[in-house]
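One structure below.
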2 protein chains.
Amino acid sequence: MTVWDRPEPPTRPVPLDRERIVAAAIALADEGGLEAVSLRKVAARLDAGPMRLYGYIATKEELFDLMVDEVHAEILPEEQFGDWREVLRIRAHRTRQATLRHEWLADLLGGRPTLGPNALAVTEAALAALDGLADLDTVLRAVETVSAYSTGAIRREIANLRAERATGLSKRDWQRASGPHLRKMLATGRFPALAKAVHDGTEVDAEASFATGLDWVLDAVAAKLARPPA
Amino acid sequence: MTVWDRPEPPTRPVPLDRERIVAAAIALADEGGLEAVSLRKVAARLDAGPMRLYGYIATKEELFDLMVDEVHAEILPEEQFGDWREVLRIRAHRTRQATLRHEWLADLLGGRPTLGPNALAVTEAALAALDGLADLDTVLRAVETVSAYSTGAIRREIANLRAERATGLSKRDWQRASGPHLRKMLATGRFPALAKAVHDGTEVDAEASFATGLDWVLDAVAAKLARPPA
DNA sequence: TCTCATGCCGATACACTGTATTTAATTATT
DNA sequence: AATAATTAAATACAGTGTATCGGCATGAGA
């Protein structure tokens, strides 16, 4: 035995904390989706045994919550500017962008109440931007309506993106050709309006579509803020 | 051995089909949530071995898709009446009601493109109701915007419902007391607008809140239909 | 410095999952 | 009636989240 093959000294256990655990989990999820996140793999990435994690995390769901909150740090802009409409619009777009960077977020969005510090800060910023523009109930409804639209639209966008990715087809032809299934369905003649939509619909990019729907919703909110309920 | 303990004649294998499988899966999910649905349990409920199912279903995800489509049969009303706005409103409310009956649907809503016959029929009905009221792109955007709001709002409602159910608290006190966690967060003073909202927000029932946001979105759609884009 | 106690880390264990594969049984066909 | 084809069942595998247990290393007390 030489110095070269002398066994490594027993590695001191790397100190862990939630931050490192969450970062490892996010890295795994970014690479392989949510289903690639297992406590064993997260622990392995930190050179630890699986049970180590339970000193910092009570359950896997809690880890997911922490992941979601961590991404909310990317969503909250450093500084707020613009009127309430700009604030809400930017919040929606940043949420969408964060989800495009971390597709697994789509699976979690809206799935559980978000009570982490970053998520609360995001909500706080939205509420603050609307503060005083109408009675509290209206303000709450406004924020919730916009964010309901956002999460719904983002989820659908990611769902479609995954579907077309799975078939490996160009966006244009995706619907028309998503398996013989949809084609056959449309061929039955039971869905004429849908068939027309699939056939004649122009290709619009996802961001524009998201932005347009968002603007509609913001228009609606603007109308309610101007004319608060009796 | 008497006639009494004579072994049962070997039970003929019960003939299966997708319908029965999906029904069993839905029953399990209704009772214990999505996570209670395992192929083994579904098969057991049909007196079959787990592998039997693979003759009718390629994967568990496909089973989920079939479950979602099955519930869409409850969403599609027997007969359509009213103008486009009524059609879209009813569709949203029926989706919400179906989700309240089958809470697991909230976990799946918007998660994957819905291409089953019932889901297509639901979409078809919506498109048909808007047909001709504007150019096709506007009509599509309208339907998608409303359904994005619906899925987002429904998911949040179910998420909150589960959270308050978990804490076993009355709706009124839920936010104020969801663990020491939220209280501590609000006590930091970093979230004044949020604190005010939690403190002063009146208790509104979920259905009214859903309906109000939906009406806002429908107002927005109405405005765009009246004035199609240049 | 030696002993004892405490807390933490890793290993083991359990009950379960989705699904591939291999074997057995049953049906159909010649 | 014998063989071929189809179908069900049993077994197997690799993985999961998490409870429990055993040992080791570190700290305190003497």
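Restricting the stretch A:104-120 to residues that are open to solvent by less than 20 Å² (accessible area, probe 1.4 Å) and over 14 Å from the mean Cα position of the chain (by Cα), the residue that is farthest from residue A:61 (Cα to Cα) is A:120. When residue B:22 is tested against (1) touching a residue at least 40 places away in the same chain (Cβ under 8 Å); (2) within 12 Å of DNA strand C (Cβ to nearest atom), just one condition goes unmet, and that condition is (2). Taking the listed residues A:119, A:106, A:92, the one that is under 18 Å from residue B:194 (Cα atoms), within 12 Å of chain B (Cβ to nearest Cβ) and modelled with pLDDT of 95 or more is A:119, with no other qualifying.
For (1) more than 9 Å from chain A (Cβ to nearest Cβ); (2) in contact with a strand residue (DSSP E or B) (Cβ under 6 Å, 6 or more places away or on another chain); (3) among the polar types (S, T, N, Q); (4) surrounded by fewer than 18 Cβ atoms within 10 Å (Cβ to Cβ), each residue gets a yes or a no:
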residue	(1), (2), (3), (4)
B:189	yes, no, no, yes
B:194	no, no, no, no
B:201	no, no, no, yes
B:205	yes, no, no, yes
B:209	no, no, yes, no
B:216	no, no, no, no
B:220	no, no, no, no
B:224	no, no, no, no
B:227	yes, no, no, yes
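Taking the stretch A:162-230 and the helices (runs of 4 or more DSSP H) fully enclosed by it, the elements with 3 or more residues that are at pLDDT 95 or above are at A:206-226.
Only residues that are part of a helix (DSSP H, G or I) and without any contact (Cβ under 8 Å) to a residue 12 or more places away in the chain were counted in the stretch A:72-96, giving 1. Entry remark, the stretch A:42-64: residues being away from DNA strand D (no atom under 12 Å from the Cβ) and within 14 Å of chain B (Cβ to nearest Cβ) number 0 in total. All of A:98, A:125 fail the test of being more than 18 Å from residue B:153 (Cα to Cα) and either more than 10 Å from the chain's Cα centre (by Cα) or open to solvent by 40 Å² or more (accessible area, probe 1.4 Å) (or both), apart from A:125.
So for the stretch B:128-148 (the condition being in contact with a Phe, Trp or Tyr (Cβ under 9 Å, 6 or more places away or on another chain), open to solvent by 20 Å² or more (accessible area, probe 1.4 Å) and more than 7 Å from chain A (Cβ to nearest Cβ)), does at least one residue qualify? Yes, that holds for at least one residue.
Screening the stretch B:65-80 for residues that are away from chain A (no Cβ under 14 Å) and within 12 Å of the chain's Cα centre (by Cα) and picking the one that is nearest to DNA strand C (Cβ to nearest atom) gives B:67. Before we move on, is residue B:65 under 27 Å from residue B:211 (Cα atoms), part of a helix (DSSP H, G or I) and either acidic (Asp, Glu) or assigned by TED's automatic domain parsing to the domain that holds residue B:140 (or both)? Against the criterion (under 27 Å from residue B:211 (Cα atoms), part of a helix (DSSP H, G or I) and either acidic (Asp, Glu) or assigned by TED's automatic domain parsing to the domain that holds residue B:140 (or both)), residue B:65 does not qualify. One residue stands out in the stretch B:26-62 among those that are open to solvent by 40 Å² or more (accessible area, probe 1.4 Å) and outside any helix (DSSP H, G or I): the one that is farthest from DNA strand C (Cβ to nearest atom), namely B:47.
The values are calculated or read from the model by the stated rules, or taken from the named source; none is laboratory data. These numbers were taken from a predicted model, which means no experiment stands behind them. With ideal geometry, Cβ positions are generated from the backbone for all residues, glycine too; neighbour counts draw on all protein chains shown. Areas reflect the complete protein model, heavy atoms only, side chains present, ligands, DNA and RNA absent. Shrake-Rupley method; radii C 1.70, N 1.55, O 1.52, S 1.80 Å.
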